[in-house]
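Reviewing the structure listed below.
The values are calculated or read from the model by the stated rules, or taken from the named source; none is laboratory data. Quantities reported herein were computed from a predicted structural model and do not represent experimental measurements. For neighbour counting, all protein chains shown are included, and Cβ atoms are generated from backbone atoms with ideal geometry for every residue, glycine included.
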């Protein structure tokens with residue numbers, strides 16, 4: 001990305017905002033089941049481990065890629081959002097911190113939407129019998145979906 005700054009008071013304000021942004025560039029937004037998150041289901045299984053097993057699949061569990069599906073399906077929307085936020089940061093309307101929070105909130109919403117609406121491989125008959133119902137895959141106790149979050153961090 002390149003910017004051209006020429007004279008004029010408003011352009012110097014843009015330059016000042018760009019300099020501030022470049023100083024904050026070490027900030028990132030982490031999205032998903034965050035590494036500092038540590039929770040287990042009642043049966044003792046770790047929520048993050050179960051999410052990884054479902055995302056990539058195992059010998060017994062089919063892949064249900066809720067994170068990758070979100071990244072692919074909503075890539076254009078999230079890029080549009082990001083580009084609009086970059087313009088707002090440079091013009092001084094919002095901070096980088098606020099922009100990363102908006103991106104985090106939107107991505108979390110999209111992940112949860114995918115879990116609730118995407119057509120993933122159905123639960124096995126043995127899983128349905130154990131759960132006592134034919135709930136959608138990835139949703140049983142709702143602990144995993146409720147655990148999806150974001151956090152703005154400095155590198």
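Here are some notes:
- Residue in the stretch 122-155 that is nearest to the chain's Cα centre (by Cα), counting only those that are in a loop (DSSP other than H, G, I, E, B) and either within 11 Å of residue 66 (Cα to Cα) or at pLDDT 90 or above (or both): 148
So that you can scan it fast, the table gives a plain yes or no per residue for (1) surrounded by 12 or more Cβ atoms within 10 Å (Cβ to Cβ); (2) free of Cβ contacts under 8 Å to residues at least 24 places away in the same chain:
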site	(1), (2)
123	yes, yes
133	no, yes
140	yes, yes
145	yes, no
148	yes, no
154	no, no
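- Residue 4 vs. criteria over 27 Å from residue 101 (Cβ atoms), modelled with pLDDT of 75 or more and either out of contact with any helix residue (DSSP H, G or I) (no Cβ under 6 Å at 6 or more places or on another chain) or in a strand (DSSP E or B) (or both): no
- Residue that is surrounded by the fewest Cβ atoms within 10 Å (Cβ to Cβ), among those in the stretch 99-116 that are over 18 Å from residue 136 (Cβ atoms) and in contact with a strand residue (DSSP E or B) (Cβ under 8 Å, 6 or more places away or on another chain): 105
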